[in-house]
Amino acid sequence: MPDATKFLPDYPRPGSYLFENDSLVYEQGKRMRETPRGAQAVADTSLYVRYFMQRFGEAAGISLTPEEYPLLSQFLDDSYTTIRLAIKKAKKVYARHRPYQYFAEGTPVPSQEEPDDFTSYPSGHTIRAWGAALVMVAVDPEHQDSYLKAGYEMGQSRTIVGFHYQSDIDAARLAAGSGFARLVADKKWQHDLRKVQKEFKKKQK
C-alpha cells in the first residue's frame, strides 16, 4: 500500500484557519447528535463487514448479507482492511488528539473513548468506509451513486460523534483513493473481483 506520510500534509494546528474550520464542523456535528442523523452516526461506528454490507445494501435498495454473498463479504473485508494499511504509519507519525479529547467533552459512544488514543489523523473509519464504497462500485457499478453517498455519509458520521475532525476525514478519503488504485493494479485482486462480480450478478437474477 502507499504510505500516506509521503503525500498527505500535516494536520491543521490550533490557531490556524483550517483548525477553525475543523472546530466549526465539530460544533455543527454536536448539534446533530439528538437527531435521526445522530443515531445513524452512532450506528456507523461499527467496523463489521456485515454492517457495511447492510449499509450499502440499504442505500442501493437490495439485500446484502454475508450469507447471501460469501465471496463479496470476504472480498470487501479483505479490500478495505488492506486499503487501511495506507494510513497505518501516518496515525503513529502524526499522533493527533481526537476532538473529544481536545475539547474535553463526552461522545455518544463513551465505550469507545480512550484518553490517550492519539490517532485522529487520518480517520480509520473513513478510509474503510470510502474504500469499501469504491470496491462496491467496482463490483456493482449500476448502484455506484448510492454506494458513494453511503460511503461519504459514513465518513461524515465521525464528525458527529466527535471522534474525528473534518480534516481527518478529508485526508482519509485521499488515502483511500490511493489504496484503492493500488489494489486495482494487483492481478490477484482483479481475478477475485471477477469472481465476486459473477456471484453478484447470479444472485441479482
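At-a-glance table
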read-out	value
Fluctuation leader among A150, A171, A104 - the chain, Gaussian network, Cα springs under 10 angstrom	A104
Total lysine pairs under 18 Å (Cα atoms) in the range 1-141, excluding pairs fewer than 8 apart on one chain	4
Cα-based reach from K205 at 23 Å (exclusive), listing lysines while leaving out same-chain residues under 8 positions away	K195
Estimated 222 nm signal from helices in the chain, with DSSP H stretches of n ≥ 4 weighted -39500 (n - 2.57), rounded to 500	-20000 deg cm²/dmol
Contour excess over end-to-end distance, with Cα ends at V42 and E105 and 0.36 nm allotted per residue	21.1 nm
Potential lengthening between S16 and H191 on full extension [0.36 nm per residue; Cα-Cα distance subtracted]	58.4 nm
Electrostatic dipole magnitude of the range 1-95 [Cβ: Lys, Arg +1; Asp, Glu -1; Cα centre; debye, to 20]	380
Share of carbon and sulfur in the accessible heavy-atom surface of the chain [1.4 Å probe, %]	55
Segment D116-K89, extension gain: residue separation times 0.36 nm, minus the distance between their alpha carbons	8.0 nm
Hits among lysines - C-alpha to C-alpha of K198 under 21 Å, sequence gap 8 or more where chains match	K187, K188
Debye log10 I(q)/I(0) at q = 0.20, 0.22 Å⁻¹ for the range 62-193, Cα point scatterers	-1.12, -1.26
Kirkwood hydrodynamic radius of the range 122-198, from inverse mean 1/r over distinct Cα pairs, in Å	12.8
Environment charge of V139, counting only residues whose C-beta is closer than 14 Å and scoring Lys/Arg +1, Asp/Glu -1	-1
Eligible aspartates and glutamates near K202 by straight Cα distance, threshold 14 Å, same-chain separation 8 or greater	E68, D140
Distance between the range 21-96 and the range 190-205 - C-alpha centres, whole angstrom	23
Compactness of the range 19-139 as Cα Rg over 2.2 N^0.38 Å, two decimals	1.17
Neighbour net charge for F19 - beta-carbon separation under 12 angstrom, K R +1, D E -1	-2
Descending semi-axes in whole angstrom, ellipsoid equivalent of the range 32-85, from the Cα gyration tensor	23, 15, 8
Accessible-area order (highest first, 1.4 angstrom probe) of the listed residues D145, D10	D145, D10
For the range 61-131: Kirkwood Rh in Å [reciprocal of mean 1/r, alpha carbons]	14.3
Heavy-atom surface of the chain, accessible at 1.4 Å and reported per residue (Å²)	50
Relative contact order (%) - criterion: Cα under 8 Å, at least six apart; region: the range 26-155	28
Calculated P(r) of the range 1-51 - Cα pairs past 19 Å, %	56
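The values are calculated or read from the model by the stated rules, or taken from the named source; none is laboratory data. Remember, it's a predicted structure, so these values are computed and weren't measured experimentally. A quick note on method: Cβ atoms are made from the backbone with ideal geometry, for glycine too, and the neighbour counts reach across all protein chains shown. Just the protein is used for accessible areas: all its heavy atoms, side chains included, with ligands, DNA and RNA removed. Shrake-Rupley method; radii C 1.70, N 1.55, O 1.52, S 1.80 Å.
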